[in-house]
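Only one structure is covered here, and it is reproduced in the block below.
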Amino acid sequence: MAVHSSGYRTRIDPLVGKQLGIDQLPPLYFVVAAMRVEKVYGSHEAASCQFTPRQYVTAPNPTPYPPNLVHAPDPVAAVCRESCIVFRAPGSSAIDPTKRTPLVPSESTESDRQNTYCGYGERMHKRKLHAALCRIDVVNGREALALDPARAPVLSADECGQWREYGNGLSIPEGFAADLRGRIAAAGQLVA
């Protein structure tokens, strides 16, 4: 079986970038995790049973499983509103990119967060999306998981052009993945 690399990036809000002294002429991203796909499950619920509670996101900590598993009626594992960008949209779907407005924590409400979560859940059910079980890579004894924005590596606009998200059904090319793994792990925690 081929090993597939995956990763997670998150767009840097201009206010956060300014606070951290990051020049943001083009939109930039933090790269926060490098992972290996180990198994694909038929549903988000089936995948969620494979996890133990730990810190998967900045807040809340811990959560029972990663925040991208959207199957429960309430967002028990979703990132808290104060730590994420959510969306507001007229109608029922906060996920349709043509109809949504991104909101930073100071602009959003808990209702926006709930609607974003429900929108992801609707999309998952409608598309019958599977869930991949990924393990955080370890490089030189450090997890390739950077949850502190002050230490997370910044993905440049040029690098964004090379990026291929596994979530879109594509693997990250190994040369690029190896570079990202090393950069993320340098900001990650030592494995006990």
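Every number in this text was worked out from the coordinates using simple rules, so none of it is lab data. No experiment lies behind these values; they were computed from the predicted model shown. Note that we place each Cβ from the backbone using ideal geometry, even for glycine, and neighbour counts take in every protein chain shown.
Dividing the radius of gyration of the alpha carbons in region 102-154 by their Kirkwood radius gives 1.11 for Rg/Rh. In a solvent-free Debye calculation with one equal scatterer on each Cα, what is log10 I(q)/I(0) for region 22-75 at q = 0.17, 0.19 Å⁻¹, listed in the order of the q values? For the requested q values the scattering log ratios are -0.69, -0.80.
Could you give the length gained by full extension between Q189 and T10, i.e. 0.36 nm per residue of separation minus their alpha carbon distance, to one decimal place?
In short, 62.5 nm is gained.
Here's the picture: a label point sits 7 Å out from the Cα of L133 along the beta-carbon direction, and within region 35-49 the residues with their amide nitrogen under 16 Å of it are 36-49. Taking label positions 7 Å along the Cα-Cβ direction at both Q50 and A178, the computed distance is 2.6 nm, reported to one decimal. Each distinct pair of alpha carbons in region 57-162 adds a 1/r term; the inverse of their mean, the Kirkwood radius, is 15.7 Å.
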